[in-house]
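Peer 1: One structure, pasted below without further comment.
The values are calculated or read from the model by the stated rules, or taken from the named source; none is laboratory data. It should be emphasised that the depicted structure is a prediction, and the values quoted were computed from it without experimental measurement. Positions of Cβ are generated from backbone atoms using ideal geometry, with glycine treated the same way; all protein chains shown enter the neighbour counts. Heads up: the accessible areas ignore ligands, DNA and RNA and are worked out on the full protein's heavy atoms, side chains in. Shrake-Rupley method; radii C 1.70, N 1.55, O 1.52, S 1.80 Å.
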Amino acid sequence: CAEPSAAREGRRLDGSPLDRRLTLDTFLVGRSNQLAHAAALQIARARPGDPVTFNPLVIHAAVGLGKTHLLQATAHAVESSGRRVTYLTAEKFMFDFVAALKAQTALTFKERLRAIDLLIIDDLQFLQGKTVQQEFGHTLNALLDGRQQVIVAADRAPSELESVDERLRSRLAGGLTLEMGSLDEELRAKILMERVSAAKALHTKFDVPADVIAFVARTVTANGRDLDGAVNRLLAHNTLTGAPISVEMAEIALRDLVRQVEPKRVKIEDIQRIVAKHYNVSRADILSSRRTQTVVRPRQVAMYLSKQMTLRSLPEIGRRFGGRDHTTVLHAVRKIDGLVATDQTLSDEVELLKRLLLD
């Protein structure tokens, strides 16, 4: 007979909610995610007592490339096999740990986490606070030493998580780190066909010709969420206007989603490295507390470019620059923005740095 849902929930130990639609059966595999999927599948199919091969497994990917789907799908599979699993976002881990400290139940919190078979932590880049990171590090060490499986996901590799404690980054780097890259055109087409099929189940007259699927797969290249948005727009145009779906209609409906050339993803670490080299200082100098002009100006330029060329928030940029406050970053951005308008030499330097970063 089917196991009561309460028993299944008990094995998840009050983790973050799981979306029942995100399963291994609905996860579409392509060249960009093949290795990550294979590693997750091996963990999902493992039986109690099997040797733990890849531990921790670290998966990193940009937004909308499927890492959360893969993590939750693995949690579902492990849970259904009778093993104990907890899926937590980094924010949920922080909230639960702080709440346990306030309630003086921290020991119970630690014991519950360390009594599971699989711990999954999503969005590790948001794990903040020295005490919280230390506790996560202790939990990670206890699970790894006990041969219990850990999967961690972030938006970049452990070595690039500047806001995370160095010892924790080192322990993560000792496992298997895999990147889920940009979706290739073939995989984008698969995703589109699956999304169209799901929409057609609700809207029976919704029909997307093969040439439109091919057009969208070729031109909407950013991530899976943009593909979802593309299908929704085609559906809206079709059902609200009655116009048949064609390539011409798709060109109009998806105008702002189309990327003729996918922009390069600029990382803050690249900005720090290239700016440091240009100004003949070290990256460590830029991250340090030194206040000499030879360091302050490159640091401010790097912060300015980080705000201009990445989607990182001011607090996140501050953390990546030696744990500085967001007001320091804001001051640097405003300072360089003002100088660029009046100092032609600095303006030329900033433009050169932008070109170097985009090459």
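Peer 1: Between beta-carbons, use under 12 Å as the cut-off and find the net charge around V301, counting Lys and Arg +1, Asp and Glu -1.
Peer 2: Once positives and negatives cancel, what remains is +1.
Peer 1: Please list the three semi-axes, largest first and in whole Å, of the ellipsoid equivalent to the stretch 283-352, using sqrt of 5 times the eigenvalues of its alpha carbon gyration tensor.
Peer 2: 19, 14, 10
Peer 1: Right, something else. Cut-off 10 angstrom, C-alpha nodes, Gaussian network model of the chain. Which of M249, M180, M303 fluctuates the most?
Peer 2: Result for the chain, Cα springs under 10 Å: M249 fluctuates most.
Peer 1: Using just the alpha carbons, could you tell me how many Å³ per residue the convex hull of the stretch 12-69 encloses?
Peer 2: Spelled out: Cα convex hull of the stretch 12-69, divided by residues, is 120 Å³.
Peer 1: Would you mind checking the stretch 127-157 for residues with the amide N under 19 Å from a putative spin-label position 7 Å along Cα→C-beta of R225?
Peer 2: 127, 153-157
Peer 1: So, one more: Alpha carbon centre of the stretch 221-256 versus the stretch 329-359: separation in Å?
Peer 2: Each part reduced to its Cα centre gives a spacing of 38 Å.
Peer 1: Now a separate question. Could you look at the stretch 298-337 and say what percent of its accessible area is carbon and sulfur, using a 1.4 Å probe and all protein chains?
Peer 2: In the stretch 298-337, the share of accessible area belonging to carbon and sulfur is 49 percent.
Peer 1: How high is the relative contact order of the chain, in percent, with contacts defined as C-alpha pairs under 8 Å that are six or more residues apart?
Peer 2: The normalised contact order for the chain reaches 15 percent.
Peer 1: Non-local amide H neighbours of V58 (under 5 Å, H modeled in plane, Pro and chain starts lacking H): which ones?
Peer 2: For V58, whose amide H was placed from the backbone, the distant partners under 5 Å are V152, L176, T177, L178.
Peer 1: Now, a different point. Apply the Karplus curve 6.51 cos²θ - 1.76 cosθ + 1.60, θ = phi - 60°, to the phi angles in the stretch 311-323 and return the couplings in whole Hz, x for Gly and Pro.
Peer 2: Computed from phi, the couplings for the stretch 311-323 are 9, 5, 6, 4, x, 5, 4, x, 5, 7, 10, x, x Hz.
Peer 1: Could you tell me the number of lysine pairs in the chain with C-alpha atoms less than 18 Å from each other, where the two lysines are 8 or more residues apart or belong to different chains?
Peer 2: Eligible lysine pairs with Cα atoms under 18 Å apart amount to 18.
Peer 1: Further, regarding this structure: Per residue, what volume in Å³ does the convex hull of the Cα atoms of the stretch 249-316 enclose?
Peer 2: Taking the convex hull of the Cα positions in the stretch 249-316, it is 97 Å³ per residue.
Peer 1: Show log10 I(q)/I(0) for the stretch 67-201 at q = 0.11, 0.19, 0.21 Å⁻¹, two decimals, from a solvent-free Debye sum over equal Cα scatterers.
Peer 2: Per q value, in the given order, log10 I(q)/I(0) is -0.47, -1.14, -1.32.
Peer 1: Along the stretch 189-205, what does the Karplus equation 6.51 cos²θ - 1.76 cosθ + 1.60 (θ = phi - 60°) give for ³J(HN,Hα), rounded to whole Hz, x for Gly and Pro?
Peer 2: With coefficients 6.51, -1.76 and 1.60, one gets 5, 4, 4, 4, 4, 5, 5, 5, 4, 5, 5, 5, 5, 9, 10, 4, 8 Hz.
Peer 1: Accessible area per residue of the stretch 237-359 at 1.4 Å probe, in Å²?
Peer 2: Roughly 57 Å² per residue, with all protein chains present.
Peer 1: Then there is this: Using Cα pairs under 8 angstrom and six or more residues apart, how large is the relative contact order of the stretch 130-209, in percent?
Peer 2: 20 percent
Peer 1: Find the relative contact order for the stretch 171-322 and round it to a whole percent, using C-alpha pairs within less than 8 Å whose residues are 6+ positions apart.
Peer 2: Computed over the stretch 171-322, the figure is 17 percent.
Peer 1: Please compute the Cα-Cα pair-distance distribution of the stretch 230-359 with 5 Å bins starting at 0, giving whole percents from short to long.
Peer 2: All Cα pairs, binned at 5 Å, distribute as 2, 10, 17, 17, 14, 7, 6, 7, 7, 7, 4, 2, 1, 0 percent.
Peer 1: Between the stretch 134-150 and the stretch 72-92, how far is it from one alpha carbon centroid to the other, in angstrom?
Peer 2: Here the two parts' Cα centres lie 16 Å apart.
Peer 1: Let me have the 222 nm mean residue ellipticity of the chain computed from DSSP H runs of 4+ only, each contributing -39500 (n - 2.57), with the sum over all residues rounded to the nearest 500.
Peer 2: Taking each H run of at least 4 residues, the total per residue is -17500 deg cm²/dmol.
Peer 1: In sequence order, what are the phi-derived ³J(HN,Hα) couplings for the stretch 127-137 according to the Karplus relation 6.51 cos²θ - 1.76 cosθ + 1.60 with θ = phi - 60°, rounded to whole Hz, with x for glycine and proline?
Peer 2: With the stated coefficients, the stretch 127-137 comes to 6, 10, x, 4, 5, 5, 5, 5, 5, 4, x Hz.
Peer 1: For the stretch 3-153, what Kirkwood radius comes out of the mean inverse Cα-Cα distance, in Å?
Peer 2: One decimal place: 15.7 Å for the Kirkwood radius.
Peer 1: Please compute the alpha carbon radius of gyration of the chain, then divide it by the globular-protein estimate 2.2 N^0.38 Å. Two decimals is fine.
Peer 2: Working it through for the chain, the quotient is 1.14.
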